[in-house]
Each structure stands twice: as structure tokens, then as C-alpha cells.
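A short write-up of the structure that comes next.
The values are calculated or read from the model by the stated rules, or taken from the named source; none is laboratory data. Quantities reported herein were computed from a predicted structural model and do not represent experimental measurements. Here the Cβ positions follow ideal geometry from the backbone for every residue, glycine too, while neighbour counts run over all protein chains shown.
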Amino acid sequence: MAITPDQLDIARARQARGESVTAIAAHLGVGRSTLYRALQPDGEPPSDVGAAPHLAIGQRQAQAQARR
């Protein structure tokens, strides 16, 4: 599901007031990942989430194990 420009305006305003993306997404009836993508400047994905978010999780786990 795509997010409309009006929904994006609402989301940005609510986020500026400190509301969580999870709560905003629930209010708007869109997925969290959809909203996170829409809120990124220039459509850039969040730094630790891309086409394969499970790899980012695996990388974090590997880093944690390497620190042990």
C-alpha cells in the first residue's frame, strides 16, 4: 500500500511532535516499513534496512559476537 501526500504530511507533523512511527503508522492504517520508507529524505532507505533486512540483523549479530 502506498502512502498519500496528505498522509505523509500528517505523519511528518506527528513525528515532529515526538510521536513514534509505530503509532503514526497504526493511526494512518499503513505499515511501519512503508511509513519509514516514505519519511526518509530523497527516498533513501534507513541505513540498516535495505532490500534484505535480515542481512542487517545478521550483521548486527555477527558484530555482537565479535565483541565477545
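Counting only helices (runs of 4 or more DSSP H) that sit completely within region 19-68, those holding 3 or more residues that are out of contact with any Phe, Trp or Tyr (no Cβ under 8 Å at 6 or more places or on another chain), at pLDDT 90 or above and of a type in the set (Ser, Thr, Tyr) correspond to 32-39.
Residue count for region 1-19, restricted to those that are under 16 Å from Gly31 (Cβ atoms), exposed (fewer than 13 other Cβ atoms within 10 Å of the Cβ) and of a type in the set (A, V, I, L, M): 2.
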